[in-house]
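A short write-up of the structure that comes next.
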Amino acid sequence: MTRSITVLGATGSIGHSTLDLVRRNRDQWRVEVLTANGNVDKLAALAREFCAALVVCGDEGCLPALREALAGSGIEAAGGPQALVEAAARPVDMTVAAIVGCAGLAPVMAAAERGGAIALANKEALVAAGDVLMAAVSRGGATLLPTDSEHNAIFQCLAGNSLDHVRSITLTASGGPLRTWSAQQLASATPAQAIAHPNWDMGAKISVDSATMFNKGLELIEAWHLFPVGLDKLKIVVHPQSVIHSMVEYRDGSTLAQLGPSDMRVPIASCLAWPERMETPCAPLDLPALGQLTFEAPDEVRFPATRLCREAAEAGGAMPAVLNAANEAAVAAFLAGHLPFTRIAVVVEETMARYAPPAPHALNDVLAIDHEARVQAIGLLETA
Ligand code: NAD
Ligand code: MG
């Protein structure tokens with residue numbers, strides 16, 4: 001049976017892994033929509049290869065070039081944020097939400113309101129919108145399939161069990177490429193050093209988040225919404241080998257863990273095939289070759305991000321959206337060479353201290369908070 005699929009963020013790292021799996025099973029999928037921000041050549045090439053019905057570039061200025069690249073193909077093209085939302089609202093069996101940042105929120109909301117299955121990689125959308133997004137998912141009767149490797153691991157470890165029996169959930173963190181650096185070394189970490197992740201090949205923003213540990217903090221907030229067991233039952237452990245992707249401990253003392261290669265095609269395949277299973281080309285785990293799996297407590301002095309994310313979750317309301325927006329602005333400034341690595345967390349903490357808007361009730365509230373928190377964070381870049 002053929003199923004229809006939309007990939008939001010098709011030209012990125014998750015988009016690439018998703019389309020690799022679709023390519024290997026071409027007879028099973030009909031590609032409805034592919035989107036990107038501005039990478040027109042790649043988007044047009046993917047659209048032609050997969051015979052997409054519609055392609056959308058988030059950057060409206062790229063639309064003429066996209067149309068030109070698709071000339072004669074019969075593939076429909078559109079551009080701009082509103083076109084992304086309309087594209088995401090088209091009925092499909094599976095939406096892969098893989099835009100990076102809060103820029104992906106409005107399209108994910110549209111997909112959620114429309115229903116169907118959503119493989120959610122875009123963690124910033126859930127962190128920023130929280131209850132607003134979860135409410136849209138339940139209104140639309142959508143099925144949210146966690147694609148982030150940790151959340152996919154937890155989802156698998158929870159299968160068939162009630163949350164009532166959960167004693168704790170432990171998110172594993174690789175610790176990133178700067179895990180062993182001193183505070184002094186961290187202060188002069190460059191973008192190239194921060195994005196050189198030891199285990200995973202990912203987009204630039206999430207790679208920086210892995211180095212600061214904001215990625216794990218954002219994932220803590222993500223887990224808090226996806227698996228509502230309460231913040232006090234959510235833990236983080238550093239596990240540099242990234243073999244165990246997360247664990248669930250039950251009240252009887254059993255802990256279930258999900259293991260696998262550090263390749264996002266594994267959790268993506270779990271979402272695409274759910275509730276069945278499908279083949280992936282990933283090499284099986286070779287435990288004797290790995291030898292040892294090790295674990296450490298996170299160091300929140302050198303890496304304050306997980307503390308800040310926990311505080312944002314405890315404050316609730318708008319605070320996770322403020323934290324996320326400030327982090328996005330600070331990471332962009334770091335990648336542009338305008339902010340030292342260790343100042344990312346300082347900018348986030350200071351933005352949270354200065355801007356405490358009321359809790360959002362709808363998408364537009366979240367987008368307004370996101371916008372204002374960015375303005376505040378950018379204002380702090382010079383001084384924080
Ligand atoms: P990426 O930077 O490689 O790709 C991002 C995609 O989003 C691209 O297609 C880009 O064109 C599009 N995009 C960026 N800004 C946009 C905008 N303003 N409007 C419309 N489209 C825009 O990022 P990635 O590593 O694939 O990550 C995507 C999401 O998945 C992130 O939220 C990330 O946290 C999450 N995630 C990624 C991984 C991974 O291994 N890469 C793992 C877990 C979760
Ligand atoms: Mg993850």
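The values are calculated or read from the model by the stated rules, or taken from the named source; none is laboratory data. These numbers were taken from a predicted model, which means no experiment stands behind them. For neighbour counting, all protein chains shown are included, and Cβ atoms are generated from backbone atoms with ideal geometry for every residue, glycine included. For accessibility, only protein heavy atoms count, side chains too; no ligands or nucleic acids. Shrake-Rupley method; radii C 1.70, N 1.55, O 1.52, S 1.80 Å.
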Subject >> Accessible area expressed per residue, region 215-293, with surrounding protein chains retained (probe 1.4 Å, Å²) >> reply: 46 Å²
Original post:
Once the Cα gyration tensor of region 1-65 is diagonalised, what are the square roots of 5 times its eigenvalues, in whole Å and ordered largest first, as equivalent ellipsoid semi-axes?
Top reply: 21, 11, 9
Original post:
Largest first, how would Lys233, Lys205 line up by accessible area (1.4 Å probe)?
Top reply: Lys233, Lys205
**OP:** Would you mind getting the Kirkwood hydrodynamic radius of region 1-151 from its Cα pairs, rounded to one decimal in Å?
**Re:** 15.0 Å
Original post:
Over the heavy atoms of His371, what accessible area does a 1.4 Å probe trace out, to the nearest 10 Å²?
Top reply: 120 Å²
Original post:
Hey, any idea what % of the chain's accessible area is carbon plus sulfur with a 1.4 Å probe?
Top reply: 52 percent
**OP:** Compute the FRET efficiency between Ala353 and Arg48 as 1/(1 + (r/R0)^6), taking r as their Cβ-Cβ distance and R0 = 56 Å, and round to the nearest 0.05.
**Re:** 0.65
Original post:
Using a 1.4 angstrom probe with every protein chain in place, what is the largest-first accessible-area order of Met352, Met278?
Top reply: Met278, Met352
Subject >> Inter-centroid distance (Cα atoms) of region 301-331 relative to region 65-127, Å >> reply: 26 Å
Subject >> Free-standing Cys residues across the chain, given no other cysteine C-beta under 4.7 angstrom >> reply: Cys51, Cys102, Cys157, Cys271, Cys282, Cys309
Original post:
Per residue, how many Å² of accessible area does region 3-133 show with a 1.4 Å probe?
Top reply: 35 Å²
Subject >> Straight-distance crosslink candidates among lysines, where the alpha carbon sits under 29 Å from Lys216 and sequence neighbours closer than 8 are dropped >> reply: Lys123, Lys205, Lys233, Lys235
Original post:
Looking at the chain from every direction and averaging, what is the projected area of its Cα convex hull in nm²?
Top reply: 18.6 nm²
Subject >> Built amide H within the under 5 Å cut-off of Ala77, gap 5+ >> reply: Val55
Original post:
Taking square-rooted eigenvalues a ≥ b ≥ c of the alpha carbon gyration tensor, is region 84-215 rounded, prolate or oblate, where a/c under 1.5 means rounded and, failing that, a/b exceeding b/c means prolate?
Top reply: oblate
Subject >> Nearest-10 value in Å² for the accessible area of Arg265, using the 1.4 Å probe >> reply: 50 Å²
Original post:
How would Ser182, Ser17 rank on accessible area, largest to smallest, probe 1.4 Å?
Top reply: Ser182, Ser17
**OP:** In whole Hz, with x marking every Gly and Pro, tabulate ³J(HN,Hα) for region 177-189 from phi via Karplus 6.51 cos²θ - 1.76 cosθ + 1.60, θ = phi - 60°.
**Re:** x, 10, 3, 9, 6, 6, 4, 5, 5, 4, 4, 10, 5
**OP:** Set Lys and Arg Cβ to +1 and Asp and Glu Cβ to -1, take the dipole of the chain about its Cα centre, and tell me which of Asn25, Met109, Ala71 lies farthest positive.
**Re:** Asn25
Original post:
Between Ala204 and Ala283, what FRET efficiency comes out of the Förster formula 1/(1 + (r/R0)^6) with R0 = 30 Å and r the beta carbon distance, rounded to 0.05?
Top reply: 0.70
Original post:
Roughly what would the spin-label model give for Arg251 and Glu314, points 7 Å off Cα along C-beta, in nm?
Top reply: 2.6 nm
**OP:** Take the alpha-carbon centre of region 137-206, take the same for region 340-384, and report the distance between them in whole Å.
**Re:** 22 Å
Subject >> Calculated FRET value between His165 and Ala71, using beta carbons and R₀ = 51 Å, to 0.05 >> reply: 0.30
Subject >> Choice from Ala47, Ala312, Ala69 showing the highest fluctuation, given a GNM over the chain with Cα pairs closer than 10 Å >> reply: Ala69
Subject >> Order by protection proxy (mean Cβ within 10 Å, highest first), peptides 239-246, 4-11 >> reply: 4-11, 239-246
Subject >> CD proxy at 222 nm, helix term only [per DSSP H run n ≥ 4: -39500 (n - 2.57); per residue of the chain; nearest 500] >> reply: -13500 deg cm²/dmol
Original post:
Is the shape of region 283-347 best called rounded, prolate or oblate, per the rule: a/c under 1.5 gives rounded, else a/b larger than b/c gives prolate, else oblate, with a ≥ b ≥ c the square roots of the Cα gyration tensor eigenvalues?
Top reply: prolate
